[in-house]
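Participant: If you scroll down you'll find the structure; I have some questions about it.
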Amino acid sequence: MSSKDTEDFGGKVAFVTGAGSGIGRATALAFAAAGANVIAADRNPNDNHDTVELITSGGGHAIATTCDVTNSDDIQAALQQGIERFGRLDIAFNNAGVELRPMPAADISEDDWDRVLNINLRGVFLCMKYEIPLLLQHGGGGTIVNTSSGAGVKGFPGGAAYGASKFGVIGLTKSAALDYAADNIRINAICPGIIDTNMMDRFTGGTNEGRAEVIAQEPIGRMGHPDEIAAAVLWLSSPAAAFTIGHALVIDGGQTI
C-alpha cells in the first residue's frame, strides 16, 4: 500500500467536532490539506469560523457549524448542513471534550460529574448515533475515530470523572466497532497523552511550573503537538488502516509503557 493511501482524501467528507482549537483544529486542517471537504463543528462559533477561514484561505473546502455535542438537535443540524453542502458523509472524528481540575473522587460535585460525562462520553455516543445512519446510506461504509485519552487506559490521582469518561469512550468504541464491522464502518479511538493545547494550559494553570510538572511525566521529555495526533487520526481514517477495527491507539510519548 502506497503512502498516497494515507494522504489522499480527495472527494471525502469529514465531520470534526471540537474543531475550533487544539487537536480538533489540527485534524480539520490536516483533512482539508489532504483533499477532504470538512464539516467543522464546535460550540464556540468564533473559534470555529477561524478554523474554517484557515482552511478556505489555503484553498480547502469547509463549513462551520455551531454544535453542542450534548444536544442531539445540534448534532443532527450540523450533520444536515454538511450533507446539504457536500452531499455525503465518509469520516467522523468525535473529538469534542472537556477537562476537570484534579480532585479526589469524593470531592467531585454531582454537577461536575454530569458535565464531564455528558460532554466526553454521552457526546461521543450521540454523535455516533446520528453519524452511523449517514455512513450507511451510501453503502460504502466509512470511518469513525473517537477521542479517548491516556487517562482512558490508566488511572491517575484526581481523575475519577475524566478517567471514567475516557475509559467509557474506549468501551463504546470497541462495542460499536463490532456492531458495524460487517457494514464496512471502521470505528477506532485515539488516546492522546499530554498535548500542548489550550485545554492543557487550563489543566496546568498555564504556568511554567505547571507545564514542567506534566512534561516530567513524559519519557520523551516534551508535550505532544496537535498535528502529531492529527496524523494518527488521518491514518486510522485511511485505507492504510483497513484492517484496524475497535483499536484504542495510544499516542503519548511513552507515558503508559
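Participant: Quick test of your reading of the structure: Ala160 fulfils all but one of (1) at pLDDT below 95; (2) in contact with a Pro (Cβ under 9 Å, 6 or more places away or on another chain); (3) not β-branched (Val, Ile, Thr). Name the failing condition by number.
Facilitator: Condition not satisfied by Ala160: (1).
Participant: As an exercise: evaluate Asn198 against (1) closer than 24 Å to Gly22 by Cβ; (2) at pLDDT 95 or above and give the number of the one condition it does not meet.
Facilitator: Here Asn198 clears every test but (2).
Matching residues to (1) under 17 Å from Ala26 (Cα atoms); (2) among the hydroxyl-bearing types (Ser, Thr, Tyr); (3) under 21 Å from the mean Cα position of the chain (by Cα):
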{"position": "Ala161", "(1), (2), (3)": "no, no, yes"}
{"position": "Ser175", "(1), (2), (3)": "no, yes, yes"}
{"position": "Leu178", "(1), (2), (3)": "no, no, yes"}
{"position": "Asn188", "(1), (2), (3)": "no, no, yes"}
{"position": "Pro192", "(1), (2), (3)": "yes, no, yes"}
{"position": "Val214", "(1), (2), (3)": "no, no, no"}
{"position": "Gln217", "(1), (2), (3)": "no, no, no"}
{"position": "Gly221", "(1), (2), (3)": "no, no, no"}
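Participant: From the list Ala160, Ala177, pick out the single residue that is touching a residue at least 40 places away in the same chain (Cβ under 8 Å) and open to solvent by 10 Å² or more (accessible area, probe 1.4 Å).
Facilitator: Ala160
Participant: Next question. Report yes if Gly24 is at pLDDT 95 or above, assigned to a helix (DSSP H, G or I) and not β-branched (Val, Ile, Thr), otherwise no.
Facilitator: In short, yes.
Participant: While we're on this one: With the requirement that a residue be open to solvent by 40 Å² or more (accessible area, probe 1.4 Å) and in contact (Cβ under 8 Å) with a residue 60 or more places away in the chain, what does segment 163-174 give you?
Facilitator: Lys174
Participant: Sticking with this structure for a sec: Among Gly210, Gly253, Gly205, which is on the phi > 0 side of the Ramachandran plot, surrounded by fewer than 17 Cβ atoms within 10 Å (Cβ to Cβ) and either in contact (Cβ under 8 Å) with a residue 12 or more places away in the chain or more than 18 Å from the chain's Cα centre (by Cα) (or both)?
Facilitator: Gly205
Participant: Is it the case, given these coordinates, that Ala19 is open to solvent by less than 40 Å² (accessible area, probe 1.4 Å), closer than 25 Å to Ala240 by Cα, outside any helix (DSSP H, G or I) and in contact with an Asp or Glu (Cβ under 7 Å, 6 or more places away or on another chain)?
Facilitator: Yes; evaluated as a whole, the condition is true for this residue.
Participant: Given the conditions (1) more than 18 Å from the chain's Cα centre (by Cα); (2) part of a helix (DSSP H, G or I), and given that Val169 satisfies all but one, which numbered condition is not satisfied?
Facilitator: (1) is the only condition that Val169 fails.
Participant: Please verify whether segment 226-236 includes one or more residues that are at pLDDT 95 or above, assigned to a helix (DSSP H, G or I), touching a His at 6+ places or on another chain (Cβ under 9 Å) and buried (at least 16 other Cβ atoms within 10 Å of the Cβ).
Facilitator: Checked segment 226-236: at least one residue is at pLDDT 95 or above, assigned to a helix (DSSP H, G or I), touching a His at 6+ places or on another chain (Cβ under 9 Å) and buried (at least 16 other Cβ atoms within 10 Å of the Cβ).
Participant: Hey, another quick one. Going through segment 200-254 one residue at a time, which ones are polar (S, T, N, Q) and in contact with a helix residue (DSSP H, G or I) (Cβ under 6 Å, 6 or more places away or on another chain)?
Facilitator: Residues satisfying the conditions are Thr204, Ser238.
Participant: Right, something else. Residue check: is Ile187 of a type in the set (Val, Ile, Thr) and at pLDDT 95 or above?
Facilitator: In short, yes.
Participant: Of the residues Gly246, Gly221, Gly206, which is in a loop (DSSP other than H, G, I, E, B), within 20 Å of Val16 (Cα to Cα), out of contact with any Pro (no Cβ under 9 Å at 6 or more places or on another chain) and not hydrophobic (A, V, I, L, M, F, W, C)?
Facilitator: Checking each option against the conditions leaves just Gly246.
The values are calculated or read from the model by the stated rules, or taken from the named source; none is laboratory data. Bear in mind the structure is a predicted one, so any value in this text is a computation, not a measurement. Neighbour counts run over all protein chains shown; Cβ positions are idealised from the backbone, glycine included. When the accessible area is computed, the model is the full protein with side chains, heavy atoms only, and any ligands, DNA or RNA have been set aside. Shrake-Rupley method; radii C 1.70, N 1.55, O 1.52, S 1.80 Å.
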